[in-house]
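The values are calculated or read from the model by the stated rules, or taken from the named source; none is laboratory data. None of the values given here were measured: they were computed from a predicted structure. Glycine also receives a Cβ, built like all others from the backbone with ideal geometry; neighbour counts cover every protein chain displayed. With ligands, DNA and RNA removed, areas are computed over all heavy atoms of the protein, side chains included. Shrake-Rupley method; radii C 1.70, N 1.55, O 1.52, S 1.80 Å.
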Amino acid sequence: MLRFSPFLFLLAASLLLLPACQPEQQADDQPRYIEVLFLGHNSTHHHAAKYMPMLASALAPRGIHFTYTASPEDLNAENLALYDAVMIYANHDSITPAQEKALLEYVAAGHGFLPVHCASYCFRNSEAYIALVGAQFETHGAGVFAPQIVRQDHPITQGLQPYEAWDETYVHRQHNPDRTVLMERVEGEEREPWAWTRTHGKGRVFYTASGHDERVWHHPGFQELMFRAIVWSVGDRVKGLWEQLDLPSLEYTPSEYIANYEQRPEKLPLQAPLSQQASQKLIQVPPGFRLELFAKEPDIINPIAMAWDERGRLWVLETVDYPNEVKEGSVGDDRIKICEDTDGDGRADKFTVFADSLNIPTSLVFANGGVIISMAPHFYFLKDTDGDDKADVKEVLISGWGLSDTHAGPSNLKYGFDNQIWGTVGYSGFRGRVAGKSYDFGQAFYRFAPDASSFELMARTSNNTWGLGFSESFDVFGSTANNAHSWYMGIPLSYFEGVAGIPKLGSKKIAGYYAFHPITEHYRQVDVFGGFTAAAGHNLYTARAFPRAYWNRMAFICEPTGHLLAKGALEKEGAGFVLRDEWNMLASVDEWVSPVHAEVGPDGALWVADWYNFIIQHNPTPNPIRGGFAGENGKGNAHINPLRDRSHGRIYRIVHQQAPAYKPLELSKDRPGGLVKALRHDNLFWRLTAQRLLVERGQQDVLEDLYELVENRGMDEVGINGGATHALW
């Protein structure tokens, strides 16, 4: 925590990692996806976290969604109710009585159960589990073979073509006679049951011994087998709803402008863009949540950043100039647009251009009755003075931001608890004077007074810094490119002054994992293949409309090259934190989907800006050896590519299905009582906005009310006393 005040030191509390309160399934009469909970294991022998995405990316276009967990604790009735089937590929040695009961009752109620390969040696302390699976692993050899189909009339195997792959040659014991064998492994006179089905109550069970490593999981024959098994296991009712999905097909054409940095044997083709409605059908969010559209093209084009004002209105930065149209005099074709939902239906229906003729603006923050925008080489202050929602004041606030690379400049401006404006910058850096002092730095966090009367370099990071976010106790986090998607700023650089012998960094990489989890194999990256190469944003869930496990704990990190929005759980570790992998908050099969900004909005939902562009890669410029074609470098140090799109853009909201009804607020400096009340709001957005307006108001008539808030020492479920914290600041 940044201890700028002794009062906050006393108020700080640990994050409580409490279980989620999950919602019920969606309406049973609506077409929907099949939701599968995949229980894996943190093991390098059976690498579930590596193999499951191979199956998920193959089946996602067909309407089957997977959610990964490595914790048997997720085998509880409340969580299982979100899923149509459970698949297990793990070596957890034991199961608790409560977990056993939950799993057995879940299957008996009519859900699917799909143990795979080593799942027959899982939970060895449970005779009931072994009976549910249908047998237990005993021993194995290995080799290349093709299991024989012995039941051609079953829905799973009817018309299925046998497949051959290297695998372990499982032998089982404790065979349950109450099963139907579909496939056998045949070696000479030996015939070993290899895949079978059985029932448990109203539920359906499918087991296959296939699946030791990627040679099987990546095999189209195995993927087809698992697809059929999943559809069969969930039962006729869920299958019928799934069959009603009208999923779009993806169309591809060859293109010479798709860089092949990964050196694939064959270059990937160009996917045609989808309408917003079609694209949304191919976006996956966790069970218990739904995805809602707020705005789309032509009303919104290339949204790079967004923020909300004190009336709860969304302000969006649109930049069609990014990345290479760097204009002389910073006069371009970009805009700030105010987006309003005037009829309360959840969709924007009023769009007002607040400012235009901008050139590659990258972020905006509200301050002093206007907005500050980062637009290298300057930060500008824009203000509407006559109430028409159009800027009539434009002043340079700070100059000196680098222009050598447009994806390495300043971004992520945010109003902090300390009433300063915080931001990040990549390797394009800053070289200039602010408040009478010279600075020369890059790849860092910084803060400055809203009127630029002070400026401070706060901490250094690595590579391009594209994320910045605060916890509800003012811990500072960020993300950078190239396998450094989570940073914790623990010590401001000013604390190192006069101290010798230790690195003067002030921040630490805290991500405890490398891989990201796309649900399509057709993702394209420049480097850090299969990981976070373009991590953008690091905003925590700081409201209370999601389950409690999210509160002040879950971080959202955009990775547009993977067409996903990742989530990670922050956990205390020593004097700092570590970020644990919680997989995806959003992922898409559509290769144009490119989340670049995700943040909690005024309603407690998670808002996502989808750049919707097939070409996300910036540099290095492709050449015949690296990339596969001779590219040209543009003014923004990005490779010139005719496939870069300037006609699409979407804003979505991820909403929890049991979120309380949102009661819109409208804060004003003319109503100080409402501002003081908002300091206790359960959404950090409203608390910080009220704090900012009270500070900008600059009057002391609210002091007694603030003292009353400070004297209230009560904490919420995760150790936060928002009212006292913001009253002190």
Check your understanding: Any idea which of (1) at pLDDT below 95; (2) open to solvent by less than 20 Å² (accessible area, probe 1.4 Å) is the one residue 263 doesn't satisfy?
Key -> (2)
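Please return the ranges of strands (runs of 3 or more DSSP E) entirely within the range 42-126 where 1 or more residues are in contact with a Lys or Arg (Cβ under 6 Å, 6 or more places away or on another chain).
Details: elements: 64-69, 85-88, 112-115.
Ranges flagged: 112-115.
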Exercise for review: Please identify the pairs in which a residue from the range 244-269 that is part of a loop (DSSP other than H, G, I, E, B) has its Cβ atom under 7 Å from the Cβ atom of a residue that is exposed (fewer than 11 other Cβ atoms within 10 Å of the Cβ) and of a type outside the set (A, V, I, L, M, F, W, C), counting only partners at least 6 apart or on another chain.
Suggested key: 257/642; 269/253; 269/254
Check your understanding: Do any residues in the range 148-169 that are under 23 Å from residue 118 (Cβ atoms) and in a loop (DSSP other than H, G, I, E, B) have Cβ atoms under 6 Å from those of residues that are aromatic (Phe, Trp, Tyr) and modelled with pLDDT of 95 or more, where the two are at least six apart or on different chains, and which pairs are they?
Key -> 156/232
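Does residue 268 fit the bill of being under 27 Å from residue 530 (Cα atoms), open to solvent by 20 Å² or more (accessible area, probe 1.4 Å) and at pLDDT 95 or above? Step through it out loud before you land on a result.
Working: under 27 Å from residue 530 (Cα atoms): yes; open to solvent by 20 Å² or more (accessible area, probe 1.4 Å): yes; at pLDDT 95 or above: no.
In short, no.
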Check your understanding: Looking at the range 127-143, which of its residues are open to solvent by less than 10 Å² (accessible area, probe 1.4 Å) and not in a helix (DSSP H, G or I)?
Key -> 134, 135, 136
Point to revise | Some residue of the range 359-367 being free of Cβ contacts under 8 Å to residues at least 40 places away in the same chain and not in a loop (DSSP other than H, G, I, E, B) | key: no
Review point. On the given criteria, is residue 288 over 30 Å from residue 639 (Cβ atoms), free of Cβ contacts under 8 Å to residues at least 12 places away in the same chain and open to solvent by less than 40 Å² (accessible area, probe 1.4 Å)?
Key: no
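I need the full set of residues from the range 701-728 which are aliphatic (A, V, I, L, M), assigned to a loop (DSSP other than H, G, I, E, B) and under 25 Å from residue 549 (Cα atoms), in order please. Working first, answer last.
Keep residues of the range 701-728 that are aliphatic (A, V, I, L, M), which gives 702-703, 706, 709-710, 715, 718, 720, 724, 727-728.
From the residues that got through so far, the ones that are assigned to a loop (DSSP other than H, G, I, E, B) too are 702, 715, 718, 720.
Answer for the range 701-728, where residues must be aliphatic (A, V, I, L, M), assigned to a loop (DSSP other than H, G, I, E, B) and under 25 Å from residue 549 (Cα atoms): 715, 718, 720.
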Review point. Give me the pairs: first residue in the range 370-394 and closer than 16 Å to residue 696 by Cα and assigned to a loop (DSSP other than H, G, I, E, B), second residue of a type in the set (A, V, I, L, M, F, W, C) and at pLDDT below 95, beta-carbon distance under 8 Å, and six or more apart or on different chains, which are they?
Key: none
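Name every residue in the range 338-358 that is in contact with a Leu (Cβ under 9 Å, 6 or more places away or on another chain), of a type in the set (Gly, Ala, Ser) and either open to solvent by 50 Å² or more (accessible area, probe 1.4 Å) or in a strand (DSSP E or B) (or both), in order of residue number.
Once the filter is applied, which keeps residues that are in contact with a Leu (Cβ under 9 Å, 6 or more places away or on another chain), of a type in the set (Gly, Ala, Ser) and either open to solvent by 50 Å² or more (accessible area, probe 1.4 Å) or in a strand (DSSP E or B) (or both), the range 338-358 yields only 355.
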Review point. Which pairs do you get when a residue that is without any contact (Cβ under 8 Å) to a residue 12 or more places away in the chain and open to solvent by 10 Å² or more (accessible area, probe 1.4 Å), found in the range 182-194, comes within reach of a residue that is not in a loop (DSSP other than H, G, I, E, B) and not polar (S, T, N, Q), reach meaning Cβ atoms under 6 angstrom, with the pair 6+ apart or on two chains?
Key: 191/184
Practice item. Within the range 598-647, count every residue that is touching a helix residue (DSSP H, G or I) at 6+ places or on another chain (Cβ under 6 Å) and open to solvent by 30 Å² or more (accessible area, probe 1.4 Å). Key: 1
Practice item. Starting from the range 549-568, keep only residues that are among the hydroxyl-bearing types (Ser, Thr, Tyr), then list their pairs with residues that are in a strand (DSSP E or B) whose Cβ atoms are within a distance under 7 Å, requiring at least 6 positions of separation or different chains. Key: none
Exercise for review: Could you grab me the full set of residues in the range 149-168 that are open to solvent by 10 Å² or more (accessible area, probe 1.4 Å) and either among the basic types (Lys, Arg) or under 18 Å from residue 133 (Cα atoms) (or both)?
Suggested key: 151
Practice item. Quick one: in the range 424-473, of everything that is under 22 Å from residue 404 (Cβ atoms) and of a type in the set (D, E, K, R), which residue is modelled with the lowest pLDDT? Key: 460
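Out of everything in the range 42-87 that is under 20 Å from residue 581 (Cα atoms) and of a type in the set (S, T, N, Q), what residue ends up being modelled with the lowest pLDDT?
Of the residues in the range 42-87, the ones under 20 Å from residue 581 (Cα atoms) are 42-57, 65-75, 79, 87.
Still in the list and also of a type in the set (S, T, N, Q): 42-44, 57, 67, 69, 71, 79.
Numbers: 42: 88, 43: 80, 44: 75, 57: 96, 67: 97, 69: 97, 71: 96, 79: 97.
Step by step, filter the range 42-87, then rank; the result is 44.
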